1. Looking at the stretch 11-32, I want the residues that are closer than 12 Å to L272 by Cβ and have a partner that is assigned to a loop (DSSP other than H, G, I, E, B) and polar (S, T, N, Q) with Cβ atoms under 7 Å, at least 6 apart or on another chain. Which pairs are those?
2. Residues in the stretch 290-298: is at least one at pLDDT 75 or above and of a type in the set (D, E)?
3. Among (1) touching an Asp or Glu at 6+ places or on another chain (Cβ under 7 Å); (2) in a loop (DSSP other than H, G, I, E, B); (3) not charged (D, E, K, R), there is one condition M495 misses while meeting the rest; what is its number?
4. Closer than 16 Å to A217 by Cα, at pLDDT 95 or above, of a type in the set (S, T, N, Q) and part of a loop (DSSP other than H, G, I, E, B) - does that describe any residue in the stretch 148-167?
5. How do the helices (runs of 4 or more DSSP H) wholly within the stretch 324-410 filter down when requiring 2 or more residues that are out of contact with any strand residue (DSSP E or B) (no Cβ under 7 Å at 6 or more places or on another chain), at pLDDT below 75 and charged (D, E, K, R): which remain?
6. Within the stretch 411-433, how many residues turn out to be acidic (D, E), part of a strand (DSSP E or B) and either within 35 Å of the chain's Cα centre (by Cα) or not assigned by TED's automatic domain parsing to the domain that holds V498 (or both)?
7. Checking M304 against (1) outside the structural domain of S18 (by TED's automatic domain parsing); (2) assigned to a helix (DSSP H, G or I); (3) at pLDDT 75 or above, which single condition isn't satisfied?
8. Between a residue in the stretch 391-407 that is touching a residue at least 60 places away in the same chain (Cβ under 8 Å) and any residue that is of a type in the set (S, T, N, Q) and surrounded by 11 or more Cβ atoms within 10 Å (Cβ to Cβ), which pairs come within a Cβ distance under 9 Å, given they are 6 or more apart or on different chains?
Amino acid sequence: MSDRVYIFDTTLRDGEQSPGATMNTQEKIAMAQQLEKLGVDIIEAGFPAASQGDFEAVQAIAASVSKIQVAGLCRAMVPDIDRAWDAVKGAKNPRIHTFIATSDIHMTHKLQKSPDEVLEMTRKAVSHAASLTKNVEWSAEDASRSDWEFLVKITEVAIACGATTVNIPDTVGYTQPFEYYKLIKYLMETVPNASKAIFSVHCHNDLGLAVANTLAAIQAGARQAEVTVSGIGERAGNASLEEVIMALNTRKEMYQIETGVDTEQIFPSCRLLSQIIGQPIPPYKAIVGANAFAHESGIHQDGMLKNPLTYEIMTPRAVGRAGTNIVIGKHSGSHAIKAKVEELGYHLTDEQLAVVFTAVKGLADKKVQLHDEDVEAMVLEKVHRKRDRYRIKDMSVFSGAGDVPPHAAVVMEFVEGDKVIREKQVTKFGVGSVDAVFGCVCELVDVHPTLESYQVSAVTGGTDALAGVSVRIEDHGIRAVGRANDGDVIKASAMAFVNALNRLEKTKEEKREWPSL
């Protein structure tokens, strides 16, 4: 049995299915390149058959990385498989990942197929995928609730037809670690051709056991772990990459397992994802949370001063939490800002650096000191955002404690390509300042979506903190998420709302142009 576990990252596919975690193509590329730097073995870039936008994003990701495998997910259907292959075939090392449900409840109620029919669909799908590439992964959806004997039979067929990786997922987070260990061990010992494929596991966190189940499966012999950065994903999320990796590293004497992950890139990867999706890392998050290496208790502080090992089982540096800190302020020059940007893992063109430099200098005039997150927020806001159809040119807001209700005046520009085609303005009252601004924007663009979520967080600490705003809107069944960062929370709210409207408009255009597949 190999002592090497392959890390299959599905942040860009399963992770993006987490509510509020939608990313545009440029953000996905930035994340993919960071994952390559992190040292994962395989990136699952998306579900190409889901939409034209997903197809193009997977295709772009495949072209943007060079050292790692790029997988496209597809149902066990020939058109899906062809679509996935068309999206990933430009990668240096492409993979087709096809799946089909194998539990009685899924086969009966979702697929409405008999076990024999599912077996035949697997045979046909894997054979077709293997005719396109030797790098084929097959997944038994809801494997942890499937009949074990049927799993043996269908896994044998998948391997015989050309699957080089077989994935046995705990799709709904149902199984327990000791139970999952027994299942993986049973399959590896019972499937006649098991030695011809790598066994993989994909665990969900519905009962909070995704990481524990993944580690149990590795102990049983699985040699691919499917994970996401910060554990994002459907419902309660997936097995957390950083927790799995640091468990293997910190308890190496127990697992005796190697991975290709550069652990010092763990925190930068989690921080980048947090900035992209507009969701802060929870302070109590294991490994990467703000409190993961914080000590407040006097007893703990005393122990730490005498020997850090008293209360830290790993060092902050091991996960990328420590290093030289270049303080960025209003007197910083372009070289200092360039060094900080590169330290954060971004490699920008001279033109992009000039844009970020101007933005950072403007923010520095409003804040005494800029933190890493401030600089990173400017990179993401000014470089990785897609060109918008709507944008705010100017706005003013009145909020008082007297008889006059809050109101706002907003001037908006409407853009086609690089050209402003018209300008409109309006003034409206609202329940509050944000409500007044949102009302103005809705009237100007003539779209009145439902605001499903509105979240404000401080990107950094202090009263001069950069505000991070995330909004989620819905209009006629179509949802979009918008994010923005600014020192003024009202301005950040307006920018995030307009960002969501731009994304909503783009999604509507895609749905008009491309029928669902």
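The values are calculated or read from the model by the stated rules, or taken from the named source; none is laboratory data. Quantities reported herein were computed from a predicted structural model and do not represent experimental measurements. Note that each Cβ is placed from the backbone with ideal geometry, even for glycine, and that neighbours are counted across all protein chains shown.
1. Every condition considered, the pairs that remain are M31/T11.
2. No, there is no match, as no residue in the stretch 290-298 is at pLDDT 75 or above and of a type in the set (D, E).
3. (2)
4. No, the stretch 148-167 has no match at all.
5. On the way: elements: 334-343, 350-364, 372-382.
The helices (runs of 4 or more DSSP H) meeting that bar are 372-382.
6. Kept after step one, since they are acidic (D, E), are these residues of the stretch 411-433: 413, 416, 418, 423.
Keeping just the survivors that are part of a strand (DSSP E or B) gives 413, 416, 423.
Among the residues that remain, those that are also either within 35 Å of the chain's Cα centre (by Cα) or not assigned by TED's automatic domain parsing to the domain that holds V498 (or both) are: 413, 416.
Residues meeting the conditions: 2.
7. Every condition holds for M304 apart from (3).
8. Final answer for the pair search is R391/N502; V397/S433.
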